[in-house]
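> Handing you this structure, nothing more for now.
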Amino acid sequence: MRVSVNWLREYVSFDCSPDELARKLTMVGLEVEESRSISARDFEVLGGSGEQDDIVWDTKVTPNRGDWLSIVGTAREVGAVVGSSVRLPEPQVKETIPAASELVKIRIDAPDLCRRYAGVIVRGVKVGPSPGWLRDRIIASGMRPINNVVDVTNYVMFELGQPLHAFDYRQLHGPEIIVRRAGIGEKLVTIDGEQRELDDQMLVIADADRAVAIAGIMGGAETEISDETCDILIESANFDPVCIRRTSKRLGMTTESSYRFERTVDPGVTDLAAWRAAQLIQEIAGGEVAAGIVDVYPRRVEPRRINVRADRVNAVLGTSIEPSAMVEILNSLAIETVLDDNLLVCTVPTFRSDITREIDLIEEIGRLYGYDKLPQTLPRQSLQGRDSNEGAFTERVRRILISCGCQEVLTHSLVDSKCADLVGRSDEVVKVRNPLSEDLDSLRVSLAVNLLQVIARNQARGIDDMALFEVGKVFSKVGGEIFEHRAIAGAAVGELWRSGWSLPLEALNADFFWCKGMVESLLQGLLVRDVSFRRCENALLHPTRAAKVMVGDREIGILGEVAPSVIEFFDLKGRPCVFELDFAALMDVTPKSATYKPLPKYPALRRHIAVVVREYIPYEDVCKLVLQSGAEILEDVRLLDVYKGPQIAPDCRSLTLELVFRSFERTLTDEEVNDVLSRIKNVLSETLGASFR
């Protein structure tokens with residue numbers, strides 16, 4: 001918001017310098033970002049009078065303080081800071097017959113989007129250039145002068161914060177103004193010459209036949225003020241902020257008018273602004289003002305009553321302010337306040353829509369009292385900050401995956417809704433109502449898909465080898481209810497040992513087993529036990545190279561190579577693999593504390609056996625039987641080799657296992673180990689029909 005200091009002095013008096021006043025305003029919350037001088041010569045070059053210099057501030061207005069988007073609103077703040085009263089405009093208009101109500105009718109068909117609509121008729125105006133003082137005010141506010149009628153509507157908008165629009169009354173079809181929702185596909189050419197296509201979520205001002213303005217944003221070209229205009233209808237209205245912002249974003253139109261309506265305009269100033277514009281037009285452009293104002297106000301907004309406890313004010317601020325001083329502060333802000341037995345009874349004016357409860361008024365007292373005066377005290381108790389359980393667990397996961405050679409990435413939560421189809425969860429997708437683009441129209445249901453997009457972008461730039469992971473949130477919609485939870489995902493592609501000159505490139509390709517090993521390393525690092533992997537079907541994964549991750553009987557995630565259809569969709573190279581784990585489930589199965597045991601005192605004995613089993617029998621079943629059979633002294637089982645060849649049946653495979661035997665009580669003998677080994681072979685033969693090489 002640009003504020004002319006010369007203009008400001010017309011409403012409030014102050015003795016301090018503009019720079020000092022700017023500093024004081026900044027300290028109470030109305031930040032003056034820049035103060036610059038504009039010379040009389042500058043005004044003349046820009047089309048002004050060139051009669052006097054001015055100082056113009058650029059103020060930073062917070063979204064909840066729409067009342068600051070006006071000279072009068074700024075003057076109120078200045079008055080409270082310097083202890084001066086504010087002089088508000090009091091329009092005096094010479095009215096003539098017939099009455100305005102005989103010349104125009106107003107009908108509001110969308111009262112939920114239009115809280116108030118007022119109209120004033122001025123006939124016989126002479127459109128022409130504005131006087132110098134008016135042009136100076138318009139230029140100082142950052143706009144260019146157009147003509148005396150349009151400049152007056154802009155002047156009043158900057159003065160009172162109420163956007164206005166002037167229609168050429170003779171170009172309207174019929175005497176009735178209708179405030180309604182636009183029709184789907186309805187078109188309107190606005191005064192900037194652009195044709196706008198509207199929808200039924202937008203509000204328009206219409207006459208008997210067509211829309212003549214987009215409410216709160218811009219008027220139509222067919223009814224704009226021209227040099228031939230004689231009679232005008234001044235519109236002063238109050239529109240719903242959400243509707244105006246939605247319309248502004250959809251149409252890509254941001255105007256001084258929409259900027260103010262989006263931040264809430266005072267409904268109590270609607271009629272005042274209309275009369276103020278009528279007065280100035282009558283003085284500058286001549287004409288006769290029809291008697292009265294047509295004012296439709298279906299949802300009247302009354303000043304809000306709020307009680308504030310004086311003790312509560314001092315308790316929150318840590319001060320000892322006298323209740324009488326609190327009353328003085330609030331009254332200086334035009335918040336009518338009386339003291340009733342240590343209770344502040346406040347009447348909040350309609351232009352302060354940001355004040356809805358006691359704490360808001362406490363904030364007003366605090367900022368006018370002075371934040372720099374608030375005492376600085378240390379907390380009475382020692383509060384040691386620490387991370388949440390989820391944050392600490394995330395850090396453990398990050399350290400483990402980074403130690404495995406993965407690089408962490410962060411991807412966007414907004415994705416193309418087609419990504420949900422890739423994982424077979426299109427029925428769970430959460431759509432965004434007003435997406436920034438078609439490619440960002442939903443929230444992600446899977447982290448793994450995002451990682452594949454990262455791989456695709458890097459491969460397109462010549463980077464073929466990578467291992468990535470992400471810990472983040474995913475979203476789903478089930479039964480009309482939206483759920484948000486965290487997930488852990490990883491993805492890899494290419495040759496992960498390419499930088500090792502002494503290793504063959506095929507030493508460690510990213511494939512199903514790399515992915516499985518990565519998940520096993522993560523679970524082992526978290527001390528998770530009873531882990532198993534079972535075949536699964538998932539739209540994202542290869543039909544035969546996919547598994548679900550189980551801890552006991554609980555599924556915590558999936559892993560595998562990416563399905564060919566997904567590889568084709570993203571135009572990926574190689575055979576990428578992914579995993580995705582449920583964060584909450586993994587955290588739940590992770591032991592809260594670690595159990596340690598002493599290092600073994602006695603040596604281990606190792607035996608190798610080659611077990612021949614049917615190819616459909618999973619290694620997991622073989623391993624479990626071996627561990628169960630040698631439970632008392634068998635410490636570990638490791639798979640060394642898988643063989644298929646002419647020495648064994650075509651439908652079989654040979655698994656070479658290393659068995660590690662150890663006792664924590666004594667040194668084992670060969671006889672003891674051989675007895676247990678024989679028992680293991682017998683169990684494998686009887687249970688799985690295994691033979692041995």
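The values are calculated or read from the model by the stated rules, or taken from the named source; none is laboratory data. All figures in this text were calculated on a predicted structure; none of them were measured in a lab. Glycine also receives a Cβ, built like all others from the backbone with ideal geometry; neighbour counts cover every protein chain displayed.
> From the residues in region 13-54 that are in a strand (DSSP E or B) and out of contact with any helix residue (DSSP H, G or I) (no Cβ under 6 Å at 6 or more places or on another chain), which one is surrounded by the most Cβ atoms within 10 Å (Cβ to Cβ)? Talk me through it step by step, then tell me what you get.
Filtering region 13-54 for residues in a strand (DSSP E or B) gives 31-38, 54.
Retained after the next criterion (residues that are out of contact with any helix residue (DSSP H, G or I) (no Cβ under 6 Å at 6 or more places or on another chain)): 31, 33-34, 36-38.
On the way: 31: 15, 33: 10, 34: 11, 36: 10, 37: 11, 38: 19.
Going through the qualifying residues, I end up with 38.
> Which of the numbered conditions does residue 417 fail, given that it passes all the others? Conditions: (1) at pLDDT 90 or above; (2) surrounded by 14 or more Cβ atoms within 10 Å (Cβ to Cβ).
Looking at each condition in turn, residue 417 falls short on (1).
> Mind listing whichever residues of region 173-191 are surrounded by 13 or more Cβ atoms within 10 Å (Cβ to Cβ), part of a loop (DSSP other than H, G, I, E, B) and within 31 Å of the chain's Cα centre (by Cα)?
Selection gives 182, 183, 186.
> Another question, then. Condition first: surrounded by 21 or more Cβ atoms within 10 Å (Cβ to Cβ), at pLDDT 95 or above and farther than 14 Å from residue 115 by Cα. Now tell me which residues in region 263-274 satisfy that.
273, 274
> Looking at 442, 417, 403, 426, which one is polar (S, T, N, Q), over 30 Å from residue 479 (Cα atoms) and assigned by TED's automatic domain parsing to the domain that holds residue 580? Give the derivation first.
Numbers: 442 fails: over 30 Å from residue 479 (Cα atoms); 417 fails: over 30 Å from residue 479 (Cα atoms); 426 fails: over 30 Å from residue 479 (Cα atoms).
Step by step, each of 442, 417, 403, 426 is checked, and only 403 is polar (S, T, N, Q), over 30 Å from residue 479 (Cα atoms) and assigned by TED's automatic domain parsing to the domain that holds residue 580.
> Go over the candidates 130, 101, 84 one by one and state the one that is outside any helix (DSSP H, G or I), among the hydroxyl-bearing types (Ser, Thr, Tyr) and either touching a Pro at 6+ places or on another chain (Cβ under 7 Å) or over 25 Å from residue 352 (Cα atoms) (or both).
On the way: 101 fails: outside any helix (DSSP H, G or I); 84 fails: either touching a Pro at 6+ places or on another chain (Cβ under 7 Å) or over 25 Å from residue 352 (Cα atoms) (or both).
Unique residue meeting the criteria: 130.
> For residue 596, are the conditions met, namely being closer than 26 Å to residue 542 by Cα, outside the structural domain of residue 483 (by TED's automatic domain parsing) and in a loop (DSSP other than H, G, I, E, B)?
On the way: closer than 26 Å to residue 542 by Cα: no; outside the structural domain of residue 483 (by TED's automatic domain parsing): yes; in a loop (DSSP other than H, G, I, E, B): yes.
No; evaluated as a whole, the condition is false for this residue.
> Have a look at 189, 179 and point out the one that is in contact with a helix residue (DSSP H, G or I) (Cβ under 6 Å, 6 or more places away or on another chain) and either at pLDDT 95 or above or under 23 Å from residue 125 (Cα atoms) (or both). Steps first, please.
Values: 179 fails: in contact with a helix residue (DSSP H, G or I) (Cβ under 6 Å, 6 or more places away or on another chain).
Result of the check over 189, 179: 189.
> Hey, can you tell me all the residues within region 649-693 that are surrounded by fewer than 16 Cβ atoms within 10 Å (Cβ to Cβ), in a loop (DSSP other than H, G, I, E, B) and of a type in the set (A, V, I, L, M)?
649
> Where residues in region 589-615 are touching a residue at least 12 places away in the same chain (Cβ under 8 Å) and of a type in the set (Ser, Thr, Tyr), which of them is surrounded by the fewest Cβ atoms within 10 Å (Cβ to Cβ)?
602
> Of everything in region 431-464, what is surrounded by fewer than 18 Cβ atoms within 10 Å (Cβ to Cβ) and among the charged types (D, E, K, R)? Give them in sequence order.
Correct list: 431, 433, 438, 439, 457, 461, 464.
> Please go through region 3-43 and pick out each residue that is farther than 15 Å from residue 77 by Cα and in contact with a Phe, Trp or Tyr (Cβ under 9 Å, 6 or more places away or on another chain).
Matches in region 3-43: 33, 34, 35, 36.
> What residue, of 532, 521, is hydroxyl-bearing (Ser, Thr, Tyr) and either free of Cβ contacts under 8 Å to residues at least 60 places away in the same chain or touching a strand residue (DSSP E or B) at 6+ places or on another chain (Cβ under 6 Å) (or both)? Before the answer, list the steps.
Numbers: 521 fails: either free of Cβ contacts under 8 Å to residues at least 60 places away in the same chain or touching a strand residue (DSSP E or B) at 6+ places or on another chain (Cβ under 6 Å) (or both).
The unique qualifying residue is 532.
> Out of the residues in region 206-233 that are under 14 Å from residue 182 (Cα atoms) and in contact with a Phe, Trp or Tyr (Cβ under 6 Å, 6 or more places away or on another chain), state the one that is surrounded by the fewest Cβ atoms within 10 Å (Cβ to Cβ).
My answer is 216.
> So, one more: In region 235-257, which residue that is touching a residue at least 60 places away in the same chain (Cβ under 8 Å) and surrounded by 23 or more Cβ atoms within 10 Å (Cβ to Cβ) is farthest from the chain's Cα centre (by Cα)?
If we take residues in region 235-257 being touching a residue at least 60 places away in the same chain (Cβ under 8 Å) and surrounded by 23 or more Cβ atoms within 10 Å (Cβ to Cβ), then 235 is farthest from the chain's Cα centre (by Cα).
> Could you grab me the full set of residues in region 207-235 that are assigned to a strand (DSSP E or B) and either in the same structural domain as residue 67 (by TED's automatic domain parsing) or over 11 Å from residue 167 (Cα atoms) (or both)? Let's see the steps before the verdict.
Initial filter on region 207-235 (assigned to a strand (DSSP E or B)): 211-214, 218-220, 232-235.
Matches in region 207-235: 211, 214, 218.
> Are there any pairs with C-beta distances below 7 angstrom linking a residue in region 414-431 that is in contact (Cβ under 8 Å) with a residue 40 or more places away in the chain to a residue that is in a loop (DSSP other than H, G, I, E, B) and surrounded by 18 or more Cβ atoms within 10 Å (Cβ to Cβ), with the two at least 6 apart or on different chains, and if so which?
422/540; 423/445; 423/446; 423/540; 425/445; 428/445; 429/417; 429/445
> Still on this model: Does residue 267 satisfy being without any contact (Cβ under 8 Å) to a residue 60 or more places away in the chain, in the same structural domain as residue 150 (by TED's automatic domain parsing), of a type outside the set (Phe, Trp, Tyr) and closer than 24 Å to residue 66 by Cα?
Values: without any contact (Cβ under 8 Å) to a residue 60 or more places away in the chain: no; in the same structural domain as residue 150 (by TED's automatic domain parsing): yes; of a type outside the set (Phe, Trp, Tyr): yes; closer than 24 Å to residue 66 by Cα: yes.
No, not satisfied.
> Please find, within region 328-347, the residue that is farthest from the chain's Cα centre (by Cα) out of those that are over 17 Å from residue 86 (Cβ atoms) and surrounded by 21 or more Cβ atoms within 10 Å (Cβ to Cβ).
344
> Let me ask another. Restricting the first residue to region 24-49 and requiring it to be closer than 26 Å to residue 366 by Cβ, which pairs with a second residue that is of a type in the set (A, V, I, L, M, F, W, C) and loosely packed, with under 14 Cβ neighbours inside 10 Å meet a Cβ separation below 8 Å and a spacing of at least six or different chains?
Every condition considered, the pairs that remain are 24/16.
> Take region 621-656 and flag every residue that is in contact with a strand residue (DSSP E or B) (Cβ under 8 Å, 6 or more places away or on another chain), within 19 Å of residue 531 (Cα to Cα) and touching a residue at least 12 places away in the same chain (Cβ under 8 Å).
Correct list: 622, 623, 626, 634, 635, 636, 637, 638, 639.
> Go through region 546-583 and report how many residues are over 26 Å from residue 527 (Cα atoms) and of a type outside the set (A, V, I, L, M). Break it down stepwise before answering.
Going residue by residue through region 546-583, those that are over 26 Å from residue 527 (Cα atoms) are 562-576.
Going one step further and asking which of them are of a type outside the set (A, V, I, L, M), we end up with 564-565, 568-571, 573-576.
Going through region 546-583 one residue at a time, the tally reaches 10.
> Condition first: loosely packed, with under 12 Cβ neighbours inside 10 Å and farther than 21 Å from residue 81 by Cα. Now tell me which residues in region 348-386 satisfy that.
Across region 348-386, the qualifying residues are 357, 376, 377, 378, 379, 380, 381, 382, 383, 384, 385, 386.
> Would you pick out the residues in region 114-154 that are aromatic (Phe, Trp, Tyr) and either outside the structural domain of residue 220 (by TED's automatic domain parsing) or touching a strand residue (DSSP E or B) at 6+ places or on another chain (Cβ under 7 Å) (or both)? Show your work before the answer.
Filtering region 114-154 for residues aromatic (Phe, Trp, Tyr) gives 117, 133.
Matches in region 114-154: 117 only.
> Only helices (runs of 4 or more DSSP H) wholly contained in region 316-403 count here; list those with 2 or more residues that are at pLDDT 95 or above and within 24 Å of residue 63 (Cα to Cα). Steps first, answer last, please.
Working: elements: 323-332, 358-369, 389-403.
Because the criterion is at least 2 residues that are at pLDDT 95 or above and within 24 Å of residue 63 (Cα to Cα), the helices (runs of 4 or more DSSP H) in region 316-403 that meet it are 323-332, 358-369.
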